[in-house]
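These notes concern the structure reproduced below.
What follows is calculated from the coordinates using simple rules that are stated; it is not laboratory data. Note that the structure is a prediction, hence the values are computed from the model and not measured. Note: ideal-geometry Cβ built from the backbone for every residue, glycine included; neighbour counts use all protein chains shown.
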Amino acid sequence: MIEVEKKFYLHAGDEQRLLEGAEKVSVKSMTDTYFDLPDYTLTKKDWWLRCRNDRWELKVALAGRSAAGGTNQYDELEDEQIIREAINLGSGQELSADLERAGYRPFATIITTRRKYRKQGFTIDLDSMDFGYEICEIEKMVDVQDEADQAVKQILTFAKEMGLEEGKTRGKVLEYLFRYAPEHYKALKTAWGGIV
Ligand code: V4E
């Protein structure tokens, strides 16, 4: 599956409008620890290796850093063997031990409370982070890349109908790096040729 998503900052009145008629799906807390090599090999490629509530995930950027309309597209790998292959990590012992041996280190731990809703075929996540940051994500899952471009347009149209401001947003991890790990943030800015 390919996740097509766009992040928005909500202003006064936005949440109420957005959630009107929405179906509440869940409220969950998740603890994410993100890992990379000291030279930021993964994140410079816009790849994000994390352990979420004890399960490993690798988000791999698909369509460049920022596709049309600032909607990022990622493949989400959740099978440990496939994650190993993606990052060229041979089999040994536990994934965490093998990662550490290969030089990977945690660079951020973020606790998020996520309120999840569904409306008009879109998933709406209202995320509140433990370091004092809030962001809204509108998402659609699609099966193949061909459908992703269509999903991008649909998300942007839906957001416009809901009266949301379509501006540049900093996701939770980038905001975390911006605040607490400026050297890492600067490395990404250089590698990507700009950043919000
Ligand atoms: C994809 C990404 C990062 C990893 C965290 O992704 P995010 O979507 O913020 O996490 P979350 O918890 O919502 O994941 P989900 O539960 O939906 O799977 S950190 C930065 N990015 C990408 C990114 C980018 N390339 N450029 C900008 C301006 N922002 C974010």
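Computed values, structure above
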| item | result |
| --- | --- |
| When residues of region 93-110 are limited to those that are more than 20 Å from LYS44 (Cα to Cα) and surrounded by 12 or more Cβ atoms within 10 Å (Cβ to Cβ), the one farthest from the chain's Cα centre (by Cα) | ASP98 |
| Flag for LYS44 being out of contact with any helix residue (DSSP H, G or I) (no Cβ under 7 Å at 6 or more places or on another chain) and at negative phi | no |
| Conditions (1) of a type outside the set (D, E, K, R); (2) away from the ligand (no atom under 14 Å from the Cβ); (3) surrounded by fewer than 18 Cβ atoms within 10 Å (Cβ to Cβ); (4) under 17 Å from ASP14 (Cβ atoms); number of the one not met by SER128 | (2) |
| Any chance LYS168 is within 17 Å of GLN73 (Cα to Cα) and surrounded by 12 or more Cβ atoms within 10 Å (Cβ to Cβ) | no |
| Contacts under 8 angstrom Cβ, first residue in region 98-124 being free of Cβ contacts under 8 Å to residues at least 60 places away in the same chain, partner surrounded by 13 or more Cβ atoms within 10 Å (Cβ to Cβ) and part of a strand (DSSP E or B), 6 or more apart | GLY121/LYS140; PHE122/ILE138; PHE122/GLU139; PHE122/LYS140 |
